[in-house]
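Visitor: Attaching a single structure in structure tokens format; questions to follow.
The values are calculated or read from the model by the stated rules, or taken from the named source; none is laboratory data. What you see is a predicted model; the values in this text were computed from it and never measured. So basically every Cβ, Gly included, is an ideal-geometry build from the backbone, and we count neighbours across all protein chains shown.
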Amino acid sequence: MGKPRVFDQLRTTLKSMNSMRPQGNPLAVDFGVSALRVLKVSSGNPATIESAAQLNTPDDLLDNPAKRILFQFDALPKLIKSGKLTGLRASCVIPTQQISCKHLQIAPVPGVSMNELAGGQMCDRLGCEPGALLVRSIEVGPSRQNNKQEVICFGASKLFIGRMMDAIKRAKLEPVGIHNTFETLRQVIPHDPKESGASLLIDLGSGCTIVMILNKGQMVFARTIDHGALSFDQAICRQFRCTIMEARAMRERIKEIAAVTADVQQSANPHPSMDDPDISEPIEILIDEIMMCLRYHRASMPDIQIERAYFVGGMAGHKTISEHLARVLNLETQVVDPMSTLARSGRVPVSGVDLKKSQPGWATTVGCALCPTDL
């Protein structure tokens, strides 16, 4: 898995330089599947957008993660320049496809931190060398089945993180923060301490879907579903023998969704428009996976009831699909536009993004901009 000491040495060096850093928030860099996004916000409550830039992924790279990330690494310096983004520091988001997210049940060991124990189990499960992963964990609480602790564990290759940080430095930026998508998404979800019950967050992304459950602002469930907007577009491609671009355009025009299971029959129109492609199979897969997450949560934490749901991600902006999911979930739902929560002062320099439109696909990027630096 490479040279794990390189990342640790760089992390130590950056910490030692803390007093030398300039003031101001760092750029937020998001290597997403559908686009590379960079955002600069100023400090404040709420934070103010200073500049934003987006570069869409070429269609032929959408389903090729290795080539796509190399394309984005190379394109980052030009995107920063085109968006008139200023600053010497940057925080970045580890791409979701590069993160392993698992719920573990771990028996405490005196003198050993839970994060160390979680890291050892993650390496064993993934079949990699000890120390090859950067691991962060969240303790949920005691398991109902045994005396072990329920832990949400996130692991990413130190070798990949080193390459990502090299790309940041080639763009003449100092890396000061590395975050996973789960940490960033938590920053953009509304949290009212007075509200009862838990919140369900569904990030309807291009390459995958993230499901999270937050109770009083704390993460108690997290999972990645390898099924996103690209899966819908590929299904349409098979039906019409068309390009990804044509399939995406057809998906965005869908007005009705056919009922796909007995549970959904009463909440969806069983007769889609003749002009609409059939996305019953991908929507059924997505619903089944989300319901599996909710069953796990109910079994492990029956006392924590989910009261509301929030949708983010690019496909959350698809009104027909998001409304269909809301009916199936039978929860009070809201599509969150994280850009709308930020203040704006005058004309904001932008490139490749229209701030006059709702931008739920920017949730990860905005969350990264709001996360504290951790290097």
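Visitor: Of the conditions (1) in contact with an Asp or Glu (Cβ under 7 Å, 6 or more places away or on another chain); (2) over 23 Å from Phe154 (Cα atoms); (3) of a type in the set (A, V, I, L, M, F, W, C), Ile80 satisfies every one except a single condition; which number is it?
Guide: Every condition holds for Ile80 apart from (1).
Visitor: Hey, another quick one. Of the conditions (1) closer than 30 Å to Thr86 by Cβ; (2) out of contact with any helix residue (DSSP H, G or I) (no Cβ under 6 Å at 6 or more places or on another chain); (3) at pLDDT 95 or above; (4) not small (Gly, Ala, Ser), Ile189 fails just one. Which one is it?
Guide: (3) is the only condition that Ile189 fails.
Visitor: Among (1) over 26 Å from Ala363 (Cα atoms); (2) buried (at least 20 other Cβ atoms within 10 Å of the Cβ); (3) of a type outside the set (Gly, Ala, Ser); (4) at pLDDT 95 or above, where does Thr243 come up short?
Guide: (2)
Visitor: On to the next question. Of all the residues that make up the stretch 100-121, how many are touching a strand residue (DSSP E or B) at 6+ places or on another chain (Cβ under 7 Å) and farther than 20 Å from Asn146 by Cα?
Guide: Residues that pass the stated criteria total 3.
Visitor: For the stretch 105-138, give me each residue that is surrounded by fewer than 17 Cβ atoms within 10 Å (Cβ to Cβ) and of a type in the set (S, T, N, Q).
Guide: Gln105, Ser113, Asn115
Visitor: Could you run through the stretch 139-155 and say how many residues are among the small types (Gly, Ala, Ser) and surrounded by fewer than 22 Cβ atoms within 10 Å (Cβ to Cβ)?
Guide: Final tally of qualifying residues: 2.
Visitor: Please find, within the stretch 35-50, the residue that is surrounded by the fewest Cβ atoms within 10 Å (Cβ to Cβ) out of those that are in a strand (DSSP E or B) and out of contact with any helix residue (DSSP H, G or I) (no Cβ under 9 Å at 6 or more places or on another chain).
Guide: Ser42
Visitor: Still on this structure, please answer the following. Would you pick out the residues in the stretch 61-84 that are touching a strand residue (DSSP E or B) at 6+ places or on another chain (Cβ under 8 Å) and more than 15 Å from Ala167 (Cβ to Cβ)?
Guide: Ser82, Gly83, Lys84
Visitor: Looking at the stretch 309-326, is at least one residue more than 21 Å from the chain's Cα centre (by Cα), outside the structural domain of Met165 (by TED's automatic domain parsing) and touching a residue at least 24 places away in the same chain (Cβ under 8 Å)?
Guide: yes
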